[in-house]
Amino acid sequence: MSLLDPNGDLCLQVGESPVTSFVVCSKTLARTSDFWNKLLNGEFRESGKHRSQDIGSNWTVEFPEDDPRSMELLLNIIHGRFDKVPSYESVMDIQYLYNVSVLTDKYAMTHVLRPWAPGWLRRSMSFLGEWSGLSLREQYCHEWLWISWEFGDTANFEKVANFLLLNSCAWPEHPNNLRCDGVLEPPDIYEILEETRLATIEALLTPLNKIVRGLIRKDGGLSRDGSDVATTVIGTLACKVYYQDTEDVIHELTCSNDSGWQDTSTNFTAKPGSPLASVSFNSGNEVHVYIVSAEGYLEERVYSSEQDGWSPGTLDNSRFRVAEASRLAAVSWPEDSSIRLYAQNPDDTIQEYQYEASTGWKNPVVLPSAEFGSSLAAMFWEDNGHHIRVYYIDPDSTVKEQRYDPKEGWRAGVPIVRTSSSFASIAAVAWFDSSAHQRVYLHDSSGNITEYEWNTANNEWTSKGPVIGPLTFGRHIAALEWKTGTELRVFYQDDDNTIREQAKSDEGEWYPGELVA
């Protein structure tokens, strides 16, 4: 038994196996904090008013879960036994100091350490982070984070938090894991560090995206360079083409009734090298452009003839994250304001995002895996329901098709061709007169953009020859059709970074179009 007050009227029994007893003054302890005052003088079972009134009875309160050594330090301070308290300049053992901080938090006694805590922390934490090769656990970083927060040491708290931010990892069993089970933590600190760490990594990697994508490609081809290209029809012989400039701003090229092109800068940006997709409603009076933000989320920008300029779409609220090198494709059926958007998930599967005016955005459909960074293309036509085709490069470098038809749902289509580059560009168009017509444009092994036609009679894809070429792998293309397929256009970024147009009329020969931007 430790007699801290010769006239003490209260015995605290702390710990278990063995139990350490401290005889203390209940009034001194009650003055220390609201916790002790309520425990000893309130309506709790442990309070003085509820103890036995028999002569000779002892007032005892048990604390089996607490550390006796740490409790003794705090009791010595509040009872004025300063000769038993480590000096201001003492180097404190980390586990001892952590156990003390657990009790000061538990019993609202942090203030009693104010004369000592700054010195203990300054001396005890001076070597943190300087032991080369030691893990976060070996340096007790999680305990130091809690201790500095509990004792209000802002400088050391920031020091430890930054050290954790820069040196931690997400592997659960790793000694450098950001989190440590069983150690008290400041409110929301690890969530804040995780978000900050992710944002920091993304900011550091953003200037290196092109290099990273080049290093992780499997085919050893040229790096993914230049802007993506997207297009959408807004009327007969009228369309819009979108590309990204060197400042990451999205540009809009508009052609109206084949009367020439106008280049307009929008008021929005996307991440460098962002994929692009676009759809239109109401004869082009409403256009939706899809991009990827610097943080890796799908975003939507909407232009309407009823408003001034571009505005964020409802897709932004969903916070859908896509793969780092994901491309995009989109189709719509304007009569009921439905949109289907396709992107690659971080696990390489293709995700369909569905928009209905009545329900908003959702993502219930997952399609098969594609090659990392595969180009995506989609086409749509009406024939007793909505028919959709999605094209991608699978991991064995084959250009494949996923089909959606009203009666069958989603199923695999007929592969088109193998390509020599996993970054080969793909575009697709479809139209319906008395039957469905499907055309796919892709970067073939010779470097040309080649047109493929679906042959229903033979159930196979047939090459119709080159459209553009040769073109460097990694350049992007987009395609559209007017007048029920009698007018075809392919837009692309040439190797000199110029946006160009290739045109075809009435199934004649391909020829250079008017667009040069």
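The values are calculated or read from the model by the stated rules, or taken from the named source; none is laboratory data. Here the structure is a predicted model, which means the values were calculated and not measured. Here Cβ is always computed from backbone atoms with ideal geometry, including for glycine, and neighbour counts include all displayed protein chains.
The number of residues in the range 253-263 being within 16 Å of Arg301 (Cβ to Cβ) and free of Cβ contacts under 8 Å to residues at least 40 places away in the same chain comes to 1. When restricted to residues that are outside any strand (DSSP E or B) and farther than 13 Å from Ile468 by Cα, the range 494-508 contains 6.
Taking residues in the range 375-403 that are under 18 Å from Arg418 (Cβ atoms), and partners anywhere that are acidic (Asp, Glu), the pairs with Cβ atoms closer than 7 Å and at least 6 places apart or on different chains are Tyr391/Glu401; Ile393/Glu371; Asp394/Glu371; Pro395/Glu371; Ser397/Glu371; Lys400/Asp394. Scanning the range 275-320 for residues that are closer than 24 Å to Leu204 by Cα and surrounded by 15 or more Cβ atoms within 10 Å (Cβ to Cβ) gives Pro275, Leu276, Ile291, Val292, Ser293, Ala294, Gly296, Tyr297, Leu298, Glu299, Asp316, Phe320.
For the range 480-517, the set of residues classified as of a type in the set (Gly, Ala, Ser) and at pLDDT 90 or above consists of Gly485, Ala503, Ser505, Gly508, Gly513, listed by residue number. Cβ-Cβ distances below 8 Å connect the following pairs, each with a first residue in the range 297-312 that is modelled with pLDDT of 95 or more, a second residue that is basic (Lys, Arg) and not in a strand (DSSP E or B), and a separation of six or more residues or different chains: Tyr297/Arg319. Of all residues in the range 464-496, those satisfying the criterion of being surrounded by fewer than 21 Cβ atoms within 10 Å (Cβ to Cβ), over 19 Å from Ser375 (Cα atoms) and of a type outside the set (D, E, K, R) are Gly465, Trp482, Thr484, Gly485, Thr486.
Glu295 meets each of the listed conditions (1) within 27 Å of Gln344 (Cα to Cα); (2) of a type in the set (D, E, K, R); (3) part of a strand (DSSP E or B) apart from (3). The single condition among (1) buried (at least 18 other Cβ atoms within 10 Å of the Cβ); (2) farther than 21 Å from Gly447 by Cβ that Asp383 does not meet is (1).
Within the group Gln139, Gln95, which residue is surrounded by fewer than 15 Cβ atoms within 10 Å (Cβ to Cβ), closer than 28 Å to Tyr190 by Cβ and modelled with pLDDT under 95?
Answer to the check: Gln95.
Tell me which residues, restricted to the range 312-347, are of a type in the set (D, E, K, R) and within 16 Å of the chain's Cα centre (by Cα). The answer is Asp316, Arg319, Arg321, Glu324, Asp347. The selection criterion, being modelled with pLDDT of 95 or more and part of a helix (DSSP H, G or I), does not hold for Leu341. Filtered by the rule that a residue be more than 15 Å from Tyr511 (Cα to Cα) and either of a type in the set (S, T, N, Q) or part of a loop (DSSP other than H, G, I, E, B) (or both), the range 479-493 gives Lys483, Thr484, Gly485, Gln493.
Would you call Glu89 modelled with pLDDT of 95 or more and on the phi < 0 side of the Ramachandran plot? So Glu89 fails the test. Within the set Ser223, Ser265, the sole residue that is in contact with a helix residue (DSSP H, G or I) (Cβ under 7 Å, 6 or more places away or on another chain), more than 24 Å from Ala430 (Cα to Cα) and either surrounded by 22 or more Cβ atoms within 10 Å (Cβ to Cβ) or at pLDDT below 85 (or both) turns out to be Ser223.
For the range 178-202: of the residues being in contact (Cβ under 8 Å) with a residue 12 or more places away in the chain and farther than 23 Å from Gly152 by Cα, which is surrounded by the most Cβ atoms within 10 Å (Cβ to Cβ)? Only one residue tops the list, namely Arg197. Does the range 201-209 include one or more residues that are under 24 Å from the mean Cα position of the chain (by Cα), at pLDDT 85 or above, of a type in the set (Asp, Glu) and outside any strand (DSSP E or B)? Scanning the range 201-209 turns up no residue that is under 24 Å from the mean Cα position of the chain (by Cα), at pLDDT 85 or above, of a type in the set (Asp, Glu) and outside any strand (DSSP E or B).
Any residue in the range 161-175 that is over 18 Å from Arg197 (Cα atoms), aliphatic (A, V, I, L, M) and assigned to a loop (DSSP other than H, G, I, E, B)? No, because not a single residue in the range 161-175 is over 18 Å from Arg197 (Cα atoms), aliphatic (A, V, I, L, M) and assigned to a loop (DSSP other than H, G, I, E, B).
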